[in-house]
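The values are calculated or read from the model by the stated rules, or taken from the named source; none is laboratory data. These figures come from a predicted structure and were not determined experimentally. Neighbour counts are summed over all protein chains in view; Cβ atoms, including those assigned to glycine, are modelled from backbone coordinates with ideal geometry. Please note that ligands, DNA and RNA were not included when accessible areas were found on the heavy atoms of the full protein model with its side chains. Shrake-Rupley method; radii C 1.70, N 1.55, O 1.52, S 1.80 Å.
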Amino acid sequence: MLRELAARGLRGIAFDLPGLGLADRPAAFDYTWTGLGRFCAAAVDALGLDRFHLVVHDMGGPAGFELAAAMPGRVASLTLLNTLVQVDTFQRPWSMERFARRGIGQLYLRALTKPAFRLLMRRQGVQNPAAIPRAEIDAYLDLLRAGDGGHAFLKIMRGFERTRAKRDLYRRVLGDGRYPVQMVWGAHEPALKVTTEGEAARRAAGAGTIHTLPARHYLQEDQAPAVAEHIARIVTARYPQAGSVPR
């Protein structure tokens, strides 16, 4: 995604949330959406980003909505990729629910093999497996367990704040009106379906359409050029003169 954005003259920044990727996994951290949102706000300040175009995916949706709620005047646009808004009624898919159960989640993550994870990615994650090398698929699993065996990741899974108050907050973020909002969705997403979660986001934003791509959950893996094109369009529509585009 970052290379595709750079090819369109845009600077992309992707930081790992605590408990994920190469980020630290402090035991005392607040791994709820509220806590992850506070981390995002601190990261934006540390990076010196005055105005930015926010792109969120999956669990990054609620964390990003928390960020936008904290500093709406600094959001130049908001792009949603396969994420959730109706959090109070959200039911985790079976592939996610196991991680959220105490004891079971630890056993499941410990026993999950790379061949099994590759099969899961083919069925739910990536529409075109040829677009992502096997080593990159394996890296997803390695990074979930890196450092602490996955304990922080499991805390994230158990920390979902599925309340009406959070749903209402995220709806307000999407309907804020101070920045344009667009939805870019995998048409074959099996869990956060375009007909349910995608439509909920569209209604909250008051948007006219959802841009769908031939993809499943990780659309940025096999549809990176198309996703980047949608992001570039909303950026240039907001800032038509190249010299005024926030980077």
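What helices (runs of 4 or more DSSP H), lying completely within region 115-222, carry at least 1 residues that are under 15 Å from residue 65 (Cβ atoms) and open to solvent by 20 Å² or more (accessible area, probe 1.4 Å)?
164-174, 199-205
Scan region 138-166 and report the pairs whose first residue is hydroxyl-bearing (Ser, Thr, Tyr) and whose second residue is open to solvent by less than 70 Å² (accessible area, probe 1.4 Å), with Cβ atoms within less than 9 Å and a gap of 6+ or a chain change.
Pairs that qualify, where the first residue is hydroxyl-bearing (Ser, Thr, Tyr) and the partner is open to solvent by less than 70 Å² (accessible area, probe 1.4 Å), are 140/117; 140/121; 140/125; 140/218; 163/87; 163/88.
For a quick check of your reading of the model, give me the residue pairs whose first member lies in region 20-37 and is open to solvent by 40 Å² or more (accessible area, probe 1.4 Å), whose second is part of a helix (DSSP H, G or I), with beta-carbon atoms closer than 6 Å and at least 6 apart or on different chains.
25/152
Just checking, which of 159, 149, 198 is of a type in the set (Gly, Ala, Ser), closer than 22 Å to residue 96 by Cβ and touching a Lys or Arg at 6+ places or on another chain (Cβ under 9 Å)?
None of the others qualify; the one that does is 149.
Given the criteria more than 24 Å from residue 137 (Cα to Cα) and at pLDDT below 95, does residue 198 qualify?
Considered against the rule, which asks whether it is more than 24 Å from residue 137 (Cα to Cα) and at pLDDT below 95, residue 198 comes out as no.
For every residue, the table says whether it meets (1) surrounded by fewer than 16 Cβ atoms within 10 Å (Cβ to Cβ); (2) in a loop (DSSP other than H, G, I, E, B); (3) among the hydroxyl-bearing types (Ser, Thr, Tyr); (4) at pLDDT 95 or above.
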site: 41; (1), (2), (3), (4): no, no, no, yes
site: 55; (1), (2), (3), (4): no, no, no, yes
site: 62; (1), (2), (3), (4): no, no, no, yes
site: 66; (1), (2), (3), (4): no, no, no, yes
site: 78; (1), (2), (3), (4): no, no, no, yes
site: 81; (1), (2), (3), (4): no, no, no, yes
site: 91; (1), (2), (3), (4): yes, yes, no, no
site: 95; (1), (2), (3), (4): yes, no, yes, no
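Please indicate, with yes or no, whether at least one residue in region 104-127 is touching a strand residue (DSSP E or B) at 6+ places or on another chain (Cβ under 9 Å), of a type outside the set (Phe, Trp, Tyr) and under 22 Å from residue 217 (Cβ atoms).
Looking for residues that are touching a strand residue (DSSP E or B) at 6+ places or on another chain (Cβ under 9 Å), of a type outside the set (Phe, Trp, Tyr) and under 22 Å from residue 217 (Cβ atoms), one finds at least one in region 104-127, hence yes.
Can you confirm whether region 126-137 contains a residue that is touching a Leu at 6+ places or on another chain (Cβ under 6 Å) and in contact (Cβ under 8 Å) with a residue 24 or more places away in the chain?
Within region 126-137, not a single residue is touching a Leu at 6+ places or on another chain (Cβ under 6 Å) and in contact (Cβ under 8 Å) with a residue 24 or more places away in the chain.
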